[in-house]
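To keep things clear, I will list the structure first and then write my remarks on it.
Since every read-out is calculated from the coordinates, none of them should be taken as a lab result. Quantities reported herein were computed from a predicted structural model and do not represent experimental measurements. Because the Cβ atoms are built from the backbone with ideal geometry, glycine has one as well, and the counts that use them run over all protein chains shown.
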Amino acid sequence: MNREELQARIRKFGVRTIRLVDTLPRSKSAGVIGKQLLRSATSIGANYTAACRGRSRADFVSKLGIALEEADESLYWLEMLVESGIVAKKRVADLVDEGRQLVAILFASSRTARSNLKS
């Protein structure tokens, strides 16, 4: 997968998350979790884009690591929505799966980039 394809997948994940958050119930807990999810899910793309435009390899590795952390955090908030009963597991299953795939891709990229940095 090339850089543009990954950016498109990350952007789509962010947009899907925005749409999900907009449909959450108007409870205090759903609002808090939704806000956290919205911030982390949209931050993945911002940090990945910044990584791709990094000034150095070290800058790339650092920002890629932040994108990975945000993707992992997004999964946490999706799981919280399900475990708290705010959202049915089936409703977010595809989004969770895509989030896990993005975490795996970003983790592998981060590991490769860190290893190349040492070379």
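Candidates are the residues of the stretch 7-45 that are crowded, with 16+ Cβ neighbours inside 10 Å and more than 17 Å from the chain's Cα centre (by Cα); the one that is nearest to Leu95 (Cα to Cα) is Leu24. Looking at the stretch 40-48, can you tell me whether even one residue there is in contact with a Phe, Trp or Tyr (Cβ under 7 Å, 6 or more places away or on another chain) and not hydrophobic (A, V, I, L, M, F, W, C)? Taking every residue of the stretch 40-48 in turn, at least one turns out to be in contact with a Phe, Trp or Tyr (Cβ under 7 Å, 6 or more places away or on another chain) and not hydrophobic (A, V, I, L, M, F, W, C).
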